[in-house]
Every structure is written in C-alpha cells, then in structure tokens.
1. Please list the equivalent ellipsoid semi-axes of the stretch B:144-319, computed as the square roots of five times the alpha-carbon gyration tensor eigenvalues, in descending order and whole angstrom.
2. How would you order B:159-168, B:126-135 from highest to lowest mean count of nearby Cβ atoms within 10 Å?
3. All other residues with a Cβ under 13 Å from the Cβ of B:Ser213 taken together, and with Lys, Arg as +1 and Asp, Glu as -1, what is their net charge?
4. So what's chain A giving for Cα Rg divided by 2.2 N^0.38 Å, two decimals?
5. If I take all pairs of Cα atoms in the stretch B:142-184, what percentage of them are more than 14 Å from each other?
6. For peptide B:225-238, how many partner chain Cβ atoms fall within 10 Å of a residue's Cβ, on average?
7. From the helices alone, meaning DSSP H stretches of at least four residues, give me the mean residue ellipticity at 222 nm for chain A, per-run term -39500 (n - 2.57), in deg cm²/dmol to the nearest 500.
8. Rounded to the nearest 20 debye, what is the charge dipole size of chain B about its Cα centre when +1 sits on each Lys and Arg Cβ and -1 on each Asp and Glu Cβ?
Amino acid sequence: MSEPVLSVRDLRTTFPLGGEPVPVVDGVGFEVASGEVLALVGESGCGKSVTALSILRLVPRPGRVAAGHLRLCGRDVLSLPVREMRRVRGADAAMIFQEPMTSLNPVVSVGAQVVEAIRLHERVSASQARRRTIELFESVRIPDPAERVDSYPHQLSGGLKQRVMIAMALALRPRLLVADEPTTALDVTIQAQILELLRELQRELGTAILLITHDLGVVNELADRIAVMYAGRIVEEGTREEILARARHPYTQGLLRAVPSLGRRGERLAEIPGVVPSPIEWSRGCPFRTRCPRVLPACAETMPAPTRLSTTHASRCHAVAAEVST
Amino acid sequence: MVEPHVASNLVVAVLVAGALFVARAVRKSDLWRGSLRELARRRPLALGVVAIYVLVALLDSVAWTGGGAVGAQGDQLALHEPRSVVDRLFPGDFGERSYSVPLASAEFYGGAALRHPGRHWLGTDILGRDILHLTLKGARIALLIGGFTSLIVIPLALLFGVSAGYFGGRVDDAVFFLISVLASIPGLLLLIVLVMVMGRGAVQVCIALGVTSWVGFCRVARGETLKLRELDYVQAARALGVSELRIILRHVVPNLLHLVVITFVLLFSGLVLSEAILAWLGIGIDGSWGQMIDQARDELSRDPIIWWNLAAASAALFGLILAVNFVGDAVRDVLDPRTLREDR
C-alpha cells in the first residue's frame, strides 16, 4: 500500500492555562489514505478542531503543537519553514470551515476570492483563473456560475456560500481536504445537498477527506472510517460498519444511543450523563471513567492501551480489554 | 527646481485625475454608488457647499504668469507674479492704502477717496487688501490643512493600529507605549514645540497637526483589526496559504475602509479649527482664515470697531466646518454597518 496522504503520530497540542501548558490534544494518532474519508467524531470540547488546525499548523496562539509527527503528502509538516508551510496550505491540504456566513471576506466578490486562491499557488493569468473559477462553480453546482462570480458574499445564501468555500478549497485539487463541521451551520435540506456534493467530488477527484463532526448522521453519509475522540484522545477507531454497528467502547456506544431514530419513537432518548471534563481535570487514568457505566478499578490508574479487535478496529478501554482477554 | 505655481498646477491635475479615477471605481461598485446616492439624498445642501469650497480652492491652485491689468489711472500694468484663476477674478491692482468699510467710497481713516470706490464688497484690511479676495484664497489653505494632514494621519494610524491589532504581543505593546507617551503630553504644547522645531510653513504645520492627531484613529483601527483578525475569513485565508502581509492588505484594511472615510471627514473639520488656534498663537499658515481672525485681536479694540475682516473669515470657516460636519454625520450614517439597511 502506498504512503497515506496524512499520517499523524502522538500529536500533542497544548494551551497555557494558568501558566501551565495543558494538553488539549494528547497523543492522537491516525492515518488517512489517498481517496479515503476519515471522520473524527466527538463531543464539543474534545479536541477535534484543534487536531484539524494542528495539521495545517494553524493553532491559534498561545496554543502550540508541543510534540508529535505529522506527515502530509510525504513531508514532515512540523519541521517545514513558514514559507514552505504556506505553499502546503491550500495546495496539498485545504480546509473548509464551519461557518460559511463568516468565512468569506464581505468586501471582495466571491469570484475574486477563489481567483486569489488559485493565483496564490499557480502562475496563471487573471482571465484564466477566472475561467477556472467559473468551471469550479459549475462543478460545485452553483447556478449561473458566470454571474455568481461577481456576487458579494451577502448576496448569497448560506448553502451557496458553503459551495463557494468548497470550490475555493478544491481549486488547487488538494490531496487532503479538512472539513471542520462543514454542515453544522446549514439547515437540514441544504446539509444533505452539501454532503451529496462532497461525496461526488470526493469520488471524482479522489481527494482524501478528514471530516470533523459531532453529527453521526453526517458520518454515516460520508465516512469510510471513523475515529472517536474523547478528552483529547482517540478512544476508538474502525471502519464505518465496525463503529456504527459493533462499537465496543462505552463512550461510542453512548454516543450511538443518543442518536434519535425512527425505530425507537416514544422512548426516552439515552444520554451520557455529565460533560467532557475540562483539560485541566484530565489526569491519570481513563478520562471517561467519571461518566462511564462500566468503570473498573484499573480505570483510575492507567490510560488503557488500544485493544485490537480486528485489523482495522481498535478500542482503548479496560473493560473491552478484559472482555477480549477472557 | 520647479516653480511653486507649476507644482501646484501639477497637484491639481493629479487630484482631478485621481477624482475621476475614484469616480469610475465608485460607479462600478454597487455599495459605494448606493452610499453616495444616499448621501446626496440626505444632505444635498451641505454637499453643495463643500463642493463650492473645493471648487474655489482648486481654482485658486491653478496659476500662471502673464496677462496684464489695467491700473487705477487707466495705465497698462505688466504683472510678473503668477496669478491663479481666483486672483484673475479681481483687477490686478485692487489694493487700497488701508482699511475701508464694505462698499465704502472713502477710506476708513482720513476719508480720502478710494481707488476702487464701492467695489470692495467686504471692505479691505489694514494693508488695503480686498477681504473677499483674501477670504476666497483662504479656502485653499483650509482644504490644504485638512486634506494634507489627513493624508499623514490616516496612513500613520492605519500602519500602527493595524500592525498592533494584527500581530499583537510586542508590537502591540510598543504601539501602545507610543500612544500613551503622546497622549500624556498636552496636545497644544506638543504642536507648538513641533512647529518651533521644524519652522513655520504650511507643510510643517500639517506635519505637526498630523503627529498630534493620529492617536484616536489608531486606537479605532487597532480595535477593529483585533476583531477582524479572529474572523473566519482571515483564518480561511491563512488555511489557503495567504501570507500575513497579503491578509492585512486584502482582508483587513479593505474592511476598515468605511472607518477611514468616516474618520477622514470628521478629522477634517477638527484640523481646520486647530489651525485657527495655531494662528491665534502666531504659528499658523500665512493667508489662512485663522490668521485673519488673529488680526482681529487688535481690530476689535479699535473705535469704531473694524468687524468685516473677522466676520468674513469666521463666516467662511463656520460655513466650511458646518457643511463638513453635516456631511460627516451623514457619511457615518450611510457607511456604519450598524445603520446599514439589509437590502443593500
């Protein structure tokens, strides 16, 4: 198998809290193969977005990537000089943000913003770039692309803006697309359209996608593999079927039970009691033990090591490890 | 070295060309065209008054030599000084010996017959110069002070404010130190010191005014940049690999432009008034309305009072400031995002 587009090992990103650097992402590792969609799933505050930003070295100050190895398209991202890094952003890996409403500059026409993205990385004339922009708008199914390029963001709906963002991200045919909750700010019908679009484009262009979301419906639509994050760590990882149908980690199981479904109408929706502990409270042992229904004495002592359940499926839980070994 | 009047003509040409260019750019942009139309709808009179002042100032800046004049005794006079369009509206030798009351036919002191009886609509000053002529020429000085100083203030404030807001940390500390130091020196004192050090003259006064008045806009620019820096489209630009300088020039500064326009208009009137105060202290610009008002110190104590010099300069100053303030108010209403209508 060829080298993965993105490989992350032991990523540790810290933010200073009360003078001490506190890890918000702690020892995360995963790989995204070419043309694959990996979904990073978890509650708010578990470190998903910081992981995504770390990959492009865009962690807002005073946070910083403290340790780890990041290889993107065969290059060691963390040791690249700033100028090189700028060339990587957009060309090798692009990002779609959560809020299409505020992700476009209100005083520049949307076409000009895509043209800017193209001309930043490639030496093409303005008219050529414009032609390519119109083609891109067509490929993300924006109606009347030739007219829309001269529109300003406030003249477009949220769905159209997100399509522009996708066009911009795909303008340079990056090998990896980091989509940070691409549909959260959109209403449900538009969400479906955008997901459909992402899937089609992903198949057409063979772009690998790192999808960051808390919406398991989105995951089910798009993901090939799923990594579940909790408190800065990946607690379970596997293919879509393995996670959605045969999840072993109590946290993943809790998440899945908390999804409403038509088959269970009238029942009370399950919830996971409590909230994600704040990074300062992450201490020794399994961070989920405060909310876990299957807590063991060992959970307070050590962070469980990943238990292999299949070649693709792994789970970090003492209870699961105990079950497997017996 | 280019002669001053030639340089002045060139500046006018550049200004007119620039205005045409801006007008073309504005026609293309819906936002600016809509704002301008809205402005004209709200304050047609004030805009008209400002336009008249600008026109007078421009006409006073276009000068050339040559052209004779007919003297008081009907003899032909050859004039070698370059004279502007405004100067040419008046006869070449339009002076009297000393004061005369508006439209008078005799001198104020002594009662000797005037050379141009009944033709000095606003009277003459102590040197016998026509007040209407001086007042019209003052418009050029006033606009020069307001415009040129703004040209110093706005880039300076943008440079410091935006870099402080965008980069934060040490840069922010340094800029704030500078601001605090400047703010803790009495403004007037600093102005006087600067003019004393650099010497008198239009450019020097403008620089001194600029140095003392950029702090306010700098704070505003810094605050707005702090906000813009965190916005998603700046993050998105970074994620696309856009360099910091380009982000500032393309994504931050253009989003400050409405503030620049508002500040320019509001700053303008304040600066013109400041010059009047400097003139009162004797360090103003020659030929300004402030200087005319300054002369009135002695004139007001004479008996009977010599009022026309003061009245003409004050009225001209008042008219300009009032019109500019009205326009400034309307500009803020039109361009401030909080008062923007949704349908634009």
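Readers should treat all values here as calculations from the given coordinates under stated rules, not as data from a laboratory. Owing to the predicted nature of the structure, the values given are computational and were not obtained by experimental measurement. Cβ placement follows ideal geometry from the backbone for every residue including glycine, while neighbour counts extend to all protein chains displayed.
1. Sorted largest first and rounded, they come to 41, 16, 11 Å.
2. B:159-168, B:126-135
3. Values: positive: B:Arg219; negative: B:Glu275.
Counting the neighbours of B:Ser213, the net charge comes to 0.
4. Details: Rg = 20.6 Å, N = 326, 2.2 N^0.38 = 19.8 Å.
Taking N as the residue count of chain A, the ratio is 1.04.
5. When every Cα pair of the stretch B:142-184 is considered, 56 percent fall beyond 14 Å.
6. Taking the mean over all residues of the peptide, I get 5.
7. -10000 deg cm²/dmol
8. Value, rounded to 20: 1160 debye.
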